Amino acid sequence: MVESLQQPATGPADSGEIERFDAIIIGAGVTGLYSLYRMRELGFTVQAFDDGGGVGGTWYWNRYPGCRFDSESYSYGYSFSEELLQEWDWKEHYSAQPENERYLNYVADKFDLRKHIRLNSRVTGATFDEEANCWEVRLEDGHRARGQFLITSVGILSSGYVPDFEGIHDFKGPWCHTGKWPAEGMDLAGKRVGVIGTGASGVQLITEIAKEVGHLTVFQRTANYCAPLRNGPIDDQTQQEIKSSYPDIFKKCMETPGSFMHQFDPRSAMSVSKEERHALYEELWQEGGFKKWLSNFYDVMLPGEANEDYAEFVRNKIRERVHDPVVAEKLVPKDHMFGSKRLPCESGYYEVYNQDNVLLVDVREAPIERITPKGVKTIEAEYELDVIIYATGFDAVTGSLAKLDIKGIGGKTLKDKFAGGPRTYMGVSSAGFPNLFTINAASVGNFVRAAEPLVDWVSEAMAHVRDHGHSRITATVEAEDAWVQHVNEDGAKVLRTQANSWFVGANIPGKARVLLTAPDTAPVMRAKRNAVSANGYEGFILE
Ligand code: NAP
């Protein structure tokens, strides 16, 4: 496997002494950077540890060709600084990884956050000291640090998953996972490349590398509903319009279920004629990004007749673009509801399958048997390859937390506690783990829009603890039980629990099948958290 992003640790020299802070943050990605900023503003001493060689989290690691936003760039940036909003020019409507990484580096520099970040520093464990009421964090290099609060800003999609294929290490050529793409890139020009996986990462990667590889073999298990991203550069006039309308953009985002810029049409799809319905489908199809479904009739994104009607519309769009009808039918999803898995956006994905040098292999029909020294062997054939790329996803939400070896009261581990699915109160706190805030477990949607208010709430809870002379804040068992029951019962009704995907842990063999995030919309989550704090942190024990 290609592994080249790891470098020696950077940050304060390791004197062998235990460093002390008010708060320790694990992760210097989108959430970690804002946590640092916000907690420092509230007067806390803070330190972030990140195993990456640079800041950016997901935008540091996922540097595979084609990686970019599916949400509008200007809806994804931080909103906390007007100066930052006015200084930063997003170059494209859906910005690519290199620019996103640059943006997060710019933020780290502008707000002087680097001095609080230790890079190339993998946290291997954190234990709660019950007498001192603080967390002790251990790093791979032996370094130790203590803080009253521990914040896991480790991202919901950061623990890469490579299936345990027999013979995986026998392959003679280079191979890697999309989420750990080597900084120096992979030499794919003219090579026989195999890609396993056709989720959002695979779709972006395949489209881009099909332009340079000699031959591409795509191993697809489940076809997805992909729709045109319609990216483009932002011209000067649009740039000015964006900059003058940020308050409006963010207001819109805060009002929508997933914190995106788009609001559903309040009409039911089936309440209007087929002509009217399809006129809106077609009109939205010409628009960029997620607008196609998030500005659509509201019930397109609910299980039922409207959902199936729109699914068939998308299936026909796929059929129109692929020349070979047999290949087209393989690319048409028929085994899950539209929107029940994450919907990838694309920029020429389906046309790739019209290229003579591209082969689609259906590994549901003929599963992968093993990896051989020469390539991939399914139960039907062996495909000889020079490079294999695993676009096989992530052990979402709980995967990264489990790796941290977090030990709470009585030495109990978070990993064991979450073995049957996350047991938290509102995704942020877990009984028996005082002063730990798991702020990676936000609701899904526009990540930055969801993360900012969550970090604000956690930071204010920490200030409340400090300002009232408390030493601990922990969820009660009762509040946690009620939350887990809510996630299970109400989660069963939402579209994203209707298919097998990372949303419910179903992509990882043996992982419990439960909704890993809140079933609530973003406005409901914010209202719930605000009600909890307004009621003196109801559901928490303050000691
Ligand atoms: P993913 O959606 O989980 O897709 C993984 C792919 O690998 C699926 O096609 C899956 O097939 C396949 N796979 C897994 N194990 C396999 C096996 N043993 N044999 C054959 N195929 C196998 O992962 P992802 O594409 O990395 O995306 C994860 C999430 O990251 C997305 O849902 C999205 O939230 C985020 N993301 C966002 C962006 C963006 O904002 N633009 C871009 C990329 C990713 P099955 O479907 O059959 O399981």
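Cross-link partners for LYS377 among the aspartates and glutamates, with Cα-Cα distance under 20 Å and sequence neighbours closer than 8 places in the same chain left out: ASP164, GLU166, ASP170, ASP362, GLU365, GLU369, ASP386.
Calculated FRET efficiency, GLU255 to LEU42, Cβ-Cβ distance, R0 = 22 Å: about 0.20 to the nearest 0.05. Here the chain is treated with +1 on each Lys and Arg Cβ and -1 on each Asp and Glu Cβ, and its dipole about the Cα centre works out to around 640 debye.
Computed over protein heavy atoms with a 1.4 angstrom probe, the accessible surface ordering of ARG423, ARG63, largest first, is ARG423, ARG63.
Computing FRET efficiency as 1/(1 + (r/R0)^6) for GLU320 and ASP405, where r is the C-beta to C-beta distance and R0 is 56 Å, gives about 0.65. Per residue, segment 429-543 exposes 36 Å² of solvent-accessible protein surface, assessed with a 1.4 angstrom probe and all protein chains in place. Using the Karplus relation 6.51 cos²θ - 1.76 cosθ + 1.60 with θ = phi - 60°, the per-residue 3J(HN,Hα) values for segment 390-407 come to 9, 9, 9, x, 9, 7, 5, 6, 8, x, 5, 5, 4, 5, 7, 6, 8, 10 Hz, with x marking Gly and Pro. Here the label points at GLU92 and ALA419, each 7 Å from Cα along the C-beta direction, are separated by 4.5 nm in the simple model. Of the two radii for segment 187-298, the radius of gyration is 1.08 times the Kirkwood radius, both from the alpha carbons; that is the Rg over Rh value.
Of all the accessible heavy-atom surface of segment 71-132, with the other protein chains kept in place and a 1.4 Å probe, what percent is carbon and sulfur? Looking at segment 71-132 in its full context, I get 47 percent from C and S. Extending 7 Å from the Cα toward the beta-carbon at both ARG221 and ASN530 defines two label points whose distance is 4.2 nm. In this simple spin-label model, placing a label point 7 Å from the Cα along the Cα-to-Cβ direction at both HIS468 and HIS486 gives a separation of 1.9 nm.
Dipole orientation for segment 227-390: of the candidates ASN231, MET261, SER347, MET261 has the Cα lying most toward the positive pole (charges on Cβ; Lys, Arg +1; Asp, Glu -1). Membrane-span-like helices in the chain, defined here as complete DSSP H runs extending at least 15 Å along the helix axis by their C-alpha atoms with mean Kyte-Doolittle hydropathy no lower than 0.0, are 447-467; this is a sequence and geometry rule, not a statement about a membrane.
Counting only heavy atoms of the protein chains and using a 1.4 Å probe, ASP362 has close to 30 Å² of accessible surface.
What do you get when you divide the Cα radius of gyration of the chain by 2.2 N^0.38 Å, with N the number of residues?
0.97
Computing FRET efficiency as 1/(1 + (r/R0)^6) for LYS110 and ALA512, where r is the C-beta to C-beta distance and R0 is 51 Å, gives about 0.75.
Quick check for you: which residues of segment 255-290 have the amide N under 19 Å from the point 7 Å beyond the Cα of GLU305 toward its beta carbon? Of the residues in segment 255-290, 265-281 have backbone N under 19 Å from the label point off GLU305.
The listed residues MET261, MET254 rank as MET254, MET261 when sorted by accessible area, largest first, using a 1.4 Å probe. Fully extending the segment from ARG20 to GLU275 would add 85.2 nm, taking 0.36 nm per residue of separation and subtracting the current Cα-Cα distance.
Overall, the accessible surface of segment 227-390 at a probe of 1.4 angstrom is composed of carbon and sulfur to the extent of 52 percent.
The values are calculated or read from the model by the stated rules, or taken from the named source; none is laboratory data. In this text, all values refer to a predicted model and were calculated from it rather than measured experimentally. Neighbour counts are summed over all protein chains in view; Cβ atoms, including those assigned to glycine, are modelled from backbone coordinates with ideal geometry. With ligands, DNA and RNA removed, areas are computed over all heavy atoms of the protein, side chains included. Shrake-Rupley method; radii C 1.70, N 1.55, O 1.52, S 1.80 Å.
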